[in-house]
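Since the structure comes first, as structure tokens, the remarks are kept for the end.
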Amino acid sequence: MIRKLKEGIDTEVAADNDAKVREIVETTLADIEKRGDKAVREYAQKFDNWKSGLRLSKEHIAACYDRLDKAVIEDIRFAQEQVRNFAQKQKDALKDIEVETLPGVVLGHKNIPVNSAGCYVPGGKYPLVASAHMSIVTAKVAGVKRVIACAPPFQGEPNPAIVVAMDMAGADEIYCLGGIQAVGAMAIGTETIAPVDMLVGPGNAFVAESKRQLFGRVGIDLFAGPTETLVIADDSVDGELCATDLLGQAEHGPNSPAILLTNSQALAEATVAAIEEQLKTLETAEIAGAAWRDYGQIIVCDTYEEMVCVADEIASEHVQVMTKDPEFFLNNMTNYGALFLGPETNVSYGDKVVGTNHTLPTKKAARYTGGLWVGKFIKTCTYQRLTEKASVHIGEYCSRLCAVEGFMGHKAQADIRVERYGKKDA
């Protein structure tokens, strides 16, 4: 039996400002398309109080290195090495193929990276340095020739850690630019920013809506909403650990869902008590506490099988599994952005350094897509090559099938080849 001890606001029907966001984004993007650089600069000043140049010079980037402790630079290097290594393993799994499916019929596909990508790195509320690794490093491993990166100013200036991470990741152009104006400039293009083929990276509601409206004009990684976390746990762990992992993701924002799914009533109660205690000292308690109050849930089941059903229905972005048999969930769950198996790991590792990508599907999108990886930057494009004899053989089938559909122009394409090449075989 499934019991909900705590319910949060239904994220599907919660009152929000979606309509207002859509209107603002639509108007802003239209203005960027019309006025280019001038509009972008005005929005940068209006929303981020940024009046300086948009693209950072080599000297500005070098100054950011000088402002960072060498230990921080080494930590960024380590994190990027992990992301790069895993991304390379993913790319190595993608193979070009060419096969002869019938005598004289050769079919194949090539994996071709997009020519350019724009990477958005959030930095207004928190300087999300790790997002630079996840997008830029992955794009470069995929083979993208031109990768540009944007991040808003943090506390009035480009955040040095973000800038250094962008540069170390391999960004070809770095801009101090945030929000709609950043996404719009990268996708639409301006007098000084050439448009890209693809947009990637997380962001706030305005960034997400911008990507949604621009999808089709450019490719995107995925539609991303507020950070979500689901902790699946049994009595093999304690409430303190569960509370830490729930609040650790709830601090992303006041509308970030954090859910405990367990088969232990005692653990559920202990987790609630631990959350209340930790919120007394957590530095981000104002945000995390609001998220837990409004969007936190506790669901108690009887069996692992019930827990899998509930988890797949939730389709959470992050799923932390701390049970006696975490492999059961790996083998049986189908809807999730990323799994974190066992108490030894946690979502923070994936967010920052372990090597898997932290740009993941939210709002139940895990039902139909995974997260960002090298394959998102790569087009699998097919080709075919036929001998004259094979063209006659395939053409006869094609002609008859086109007639069934009434596509007479298509039929003619087949017939002319059957006639020409067939005579040579006669």
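List of remarks:
- Ligands, DNA and RNA left out, the 1.4 Å accessible surface of the chain is 52% carbon and sulfur atoms.
- Counting only aspartates and glutamates at least 8 places from Lys6 when in the same chain, those with an alpha carbon closer than 13 Å to its own are Glu269, Asp294.
- Sequence-distant aspartates and glutamates (8 or more away, or on other chains) whose Cα lies within less than 12 Å of Lys34: Glu191
- In degrees, nearest ten, helix 285-295 long axis to first principal axis of the chain (Cα): 60
- In this structure the amide hydrogen of Ile232, modeled in the peptide plane, comes within under 5 Å of the amide hydrogens of Leu261, Gln320, Val321, Met322, none closer than 5 places in sequence on its chain.
- For the range 162-169, 3J(HN,Hα) per residue [Karplus equation, 6.51 cos²θ - 1.76 cosθ + 1.60, θ = phi - 60°, Hz, x = Gly/Pro]: 5, 4, 4, 4, 4, 5, 5, 6
- Derived scalar couplings ³J(HN,Hα) [the range 240-251; Karplus, 6.51 cos²θ - 1.76 cosθ + 1.60; whole Hz; x for Gly, Pro]: 4, 5, 4, 4, 4, 6, 6, 6, x, 9, 4, 5
- Surface accessible to a 1.4 Å probe, per residue, for the residues of the chain, Å²: 49
- Proximal lysines relative to Lys20, as straight alpha-carbon distance under 17 Å, when same-chain residues fewer than 8 apart are discounted: Lys211
- Rounded to the nearest 20, the size of the Cβ-charge dipole of the chain about its Cα centre is 2260 debye, with Lys and Arg at +1 and Asp and Glu at -1.
- Helix axis angle, 408-425 relative to the chain longest principal axis, alpha carbon, degrees: 50
- With both residues required to sit in the chain, DSSP beta bridges show an antiparallel share near 35%.
- In sequence order, calculated HN-Hα J values of the range 265-273 (Karplus, 6.51, -1.76, 1.60; Hz; x Gly/Pro): 4, 4, 5, 4, 5, 5, 5, 4, 5
- GluC sites (Glu not before Pro) within the range 342-401: DSSP coil, no more than 16 neighbouring Cβ in 10 Å: Glu344
- Highest-first packing order for the peptide set 89-95, 159-165, 140-146 is 159-165, 140-146, 89-95, based on the mean count of other beta carbon atoms within 10 Å.
- Range of Cα positions in the range 297-364 per principal axis (Å), largest first: 35, 27, 23
- Alpha carbon centroid spacing (whole Å) that separates the range 343-387 from the range 69-136: 9
- Computed about the Cα centre, the dipole magnitude for the range 335-426 is approximately 160 debye when only Lys and Arg (+1) and Asp and Glu (-1) carry charge, each at its Cβ.
- Gap separating the Cα centres of the range 390-426 and the range 299-336, nearest whole Å: 53
- Summarising the amide proton neighbourhood of Thr362: residues at separation of 5 or more, or on other chains, whose placed amide H is nearer than 5 Å comprise Gly225.
- When the range 186-250 is described by a simple charge dipole with +1 on each Lys and Arg Cβ and -1 on each Asp and Glu Cβ, the residue from Asn204, Thr227, Ala187 located farthest towards its positive end is Ala187.
The values are calculated or read from the model by the stated rules, or taken from the named source; none is laboratory data. The shown structure was predicted, so the numbers you read here are calculated from the model rather than taken from an experiment. Counting neighbours? That spans all protein chains shown, and the Cβs are built from the backbone with ideal geometry, glycine included. Ligands, DNA and RNA are excluded from the accessible area calculation, which covers all protein heavy atoms including side chains. Shrake-Rupley method; radii C 1.70, N 1.55, O 1.52, S 1.80 Å.
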